[in-house]
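Have a look at the structure below, then the notes.
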């Protein structure tokens, strides 16, 4: 089966139905292995047990950015090829990306409390992640405000692409802003992580990516089914008169 | 070209007449700045320190005011359809409307900023620096706002959504605008570094804004 065959929603649905259980099962296995590895990884000599938060926190941050990248590619699909499946992919990715961004912020806060003595610092990374979260919420709000799905898709696609330009600028500018006001309160200076910690982290990153793929595929399937129900309801309403 | 000039004149006229955003924006700017000492206390030293930040924040909020009507009003009375069908490139039409919006909402703020700065105990060099950063930065606010205005053009109650969509995108402009103003007042950073980046952000938004807004309008109006 060629990859382009998946562009047909019905073929995509049958592919999704077959793929989701396998992908989900694989995700559970890798996630369990990764968590096991993370829990048996050595503690940090300064931070003790709290360093374990890293194995959730860092992959969440990566995935929150990956989800926006997926949305940007889907946005190109929407604007250039007008493909309905690209609309569905973009819409399905937004809440998942927002959830990862929120997870990153929450785990970061919980990690920050014992290590920095505060839940929140206006540090460059925290701020840019918060802005990313706000952009996700804006896109979701746009999806929910426009009634016609095709029009909502095109509006959200433009916002997604502008956001994709803006995100690196925000990231860069807050680094700047931070150095103007205060020194970095925390930095992995010499960010070489020792292999005993790096390998569990990478396994967790793979597990989170698989989790994203599973959730995204399932959310796309649900969205396609939701649209079919919507179309049938509209047809029913128009024939009832 | 004359069509664009006519559009510019028309939008400026609409902006300065009753119901337009020009004077309302300045009034809103004044009210927001007046509220701050009530919230943080009338400590002049503190106000002087956070003055540029307050003025930038107030300008950011004031620039949002007339934005939700920018395309929506034209959409309601049908003139947006005429603009879409005109022979002038839509990107330039959008840019002309953005320029008119900036002339009627951004420019009055810049004129009013030194007077309102007095309320915050800013001294003349600080005010000069602030006006310079406003001149360089407020066009970016308008042209980023164009994108949000175009996306939310056909929505009822688009105003609140517009703010939610646009404000996160203006974060870099705010950061470098305030950074440049503070650098001129208290250092230690040289003024030129954040200021040139502010100019770069404005130039980039002058390009990206009209293209993205025109694309959004084409998609919306199909």
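I'd like the residue in segment B:184-200 that is assigned to a loop (DSSP other than H, G, I, E, B) and within 11 Å of chain A (Cβ to nearest Cβ) and, out of all such residues, is surrounded by the fewest Cβ atoms within 10 Å (Cβ to Cβ). The extreme case among them is B:188.
Cβ separations smaller than 6 Å between residues 6+ apart or across chains give the following pairs from segment B:150-176 residues that are within 7 Å of chain A (Cβ to nearest Cβ) to residues that are modelled with pLDDT under 90 and part of a loop (DSSP other than H, G, I, E, B): B:161/B:152. Considering (1) modelled with pLDDT of 90 or more; (2) more than 29 Å from residue A:149 (Cα to Cα), the lone condition that residue A:75 does not fulfil carries the number (2).
Residues checked against (1) under 21 Å from the mean Cα position of the chain (by Cα); (2) at the interface with chain B (Cβ under 9 Å from one of its Cβ atoms):
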position: A:146; (1), (2): no, yes
position: A:151; (1), (2): no, yes
position: A:163; (1), (2): yes, yes
position: A:168; (1), (2): yes, no
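Annotation: of all residues in segment B:86-110 being outside any helix (DSSP H, G or I) and in contact with a helix residue (DSSP H, G or I) (Cβ under 7 Å, 6 or more places away or on another chain), the one that is nearest to residue B:211 (Cα to Cα) is B:88. So residue B:94 passes all but one of these: (1) over 15 Å from residue B:170 (Cα atoms); (2) away from chain A (no Cβ under 14 Å); (3) modelled with pLDDT of 90 or more. Which condition number does it fail? All conditions are met except number (2). Checking each residue in segment A:143-153 for being surrounded by fewer than 24 Cβ atoms within 10 Å (Cβ to Cβ) and assigned to a helix (DSSP H, G or I) picks out A:143, A:144, A:145, A:149, A:150, A:151, A:152. Within the option set B:129, B:113, being within 17 Å of the chain's Cα centre (by Cα) and either assigned to a helix (DSSP H, G or I) or touching a residue at least 40 places away in the same chain (Cβ under 8 Å) (or both) holds for one residue only, B:113. Of the residues in segment A:99-111, at least one is within 14 Å of chain B (Cβ to nearest Cβ) and either within 21 Å of the chain's Cα centre (by Cα) or farther than 22 Å from residue B:220 by Cβ (or both). Only one entry in A:114, A:95 is modelled with pLDDT under 90, surrounded by fewer than 18 Cβ atoms within 10 Å (Cβ to Cβ) and touching a helix residue (DSSP H, G or I) at 6+ places or on another chain (Cβ under 8 Å), namely A:114. The single condition among (1) touching a helix residue (DSSP H, G or I) at 6+ places or on another chain (Cβ under 6 Å); (2) within 12 Å of chain A (Cβ to nearest Cβ) that residue B:116 does not satisfy is (2).
Is it true that some residue in segment B:137-149 is assigned to a helix (DSSP H, G or I), more than 13 Å from the chain's Cα centre (by Cα) and crowded, with 19+ Cβ neighbours inside 10 Å? No - not one qualifying residue is present in segment B:137-149. Do the conditions hold for residue A:64, that is, is it surrounded by 19 or more Cβ atoms within 10 Å (Cβ to Cβ), within 14 Å of the chain's Cα centre (by Cα) and within 30 Å of residue B:158 (Cβ to Cβ)? Answer is yes for this residue. Only one of the numbered conditions (1) surrounded by 24 or more Cβ atoms within 10 Å (Cβ to Cβ); (2) not in a helix (DSSP H, G or I) is violated by residue B:156, and that is (1).
From the list B:212, B:180, the lone residue that is touching a residue at least 12 places away in the same chain (Cβ under 8 Å), facing chain A (nearest Cβ under 8 Å), crowded, with 22+ Cβ neighbours inside 10 Å and part of a helix (DSSP H, G or I) is B:212.
The values are calculated or read from the model by the stated rules, or taken from the named source; none is laboratory data. This is a predicted model, so every value here is computed, not measured. Using ideal geometry, Cβ is built from the backbone for each residue, glycine included, and neighbour counts are taken over all protein chains shown.
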